Amino acid sequence: MDEEDDCVDVGHAFLDLRDLLETGQDVLERDVPIVGTDKDQEVIGYLKVSLEAAVALSSIYREFQQDKEDQEEEDQEEDKEDEEDKEERQDQEKEQESLKVTEFDQDSDF
């Protein structure tokens, strides 16, 4: 704390959540280094951390992946429908072109 009784940051500690996803195991009493906020960022201490969230984090990740796959499938279906609509319009245009009737004058010498 400083002179005004405010808290001052003296360091940072990081815990990589990918470890939980990759191993599927909770973090139990791991010593995480605390890095100082000064320029040299030396280790100024350790923080003992436990995080029991592997099951929840894995579940969220699987749900996210499933949502992503579902969205990709929807996008592919929409692209296919768009392509089919385009082909149908082209077919209709071709049909209309083949059905065009040219006006002519029956009284003409031709």
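The values are calculated or read from the model by the stated rules, or taken from the named source; none is laboratory data. Everything quoted here is computed from the prediction, not taken from an experiment. Heads up, the Cβs are rebuilt from the backbone with ideal geometry, glycines too, and the neighbour counts pull from every protein chain shown. Please note that ligands, DNA and RNA were not included when accessible areas were found on the heavy atoms of the full protein model with its side chains. Shrake-Rupley method; radii C 1.70, N 1.55, O 1.52, S 1.80 Å.
Of the residues L51, Y61, Q92, the one whose Cα sits farthest toward the positive end of the charge dipole of the chain, with +1 on the Cβ of Lys and Arg and -1 on the Cβ of Asp and Glu, is L51. Once the Cα atoms are used to define both axes, helix 54-98 deviates from the longest principal axis of the chain by about 10 degrees. Site-free segments of the chain were taken between trypsin sites (Lys or Arg not before Pro) in DSSP loops having at most 14 other Cβ atoms within 10 Å, sites themselves excluded; the longest one is 40-99. Magnitude of the charge dipole for the chain, about its Cα centre and with charges confined to Cβ atoms of Lys, Arg (+1) and Asp, Glu (-1), is about 1040 debye. At a probe radius of 1.4 angstrom, the accessible area of the chain per residue rounds to 94 square angstrom.
First check a/c for region 30-82, with a ≥ b ≥ c the square roots of the eigenvalues of its C-alpha gyration tensor; if it is under 1.5, answer rounded, and if not, answer prolate when a/b is larger than b/c or oblate otherwise. Oblate, since a/c reaches 1.5 and b/c is not below a/b. Cross-link reach is defined here as a Cα-Cα straight distance under 28 Å, omitting same-chain residues fewer than 8 places apart; for K68 the lysines meeting it are K80, K86.
With Kirkwood's inverse mean 1/r over C-alpha pairs for Rh, give me the Rg to Rh ratio of the chain, two decimals please. Taking Rh as the inverse mean 1/r over Cα pairs, Rg/Rh reads 1.59. Here the chain has 45 percent of its accessible surface on carbon and sulfur atoms, given a 1.4 Å probe and all protein chains in place.
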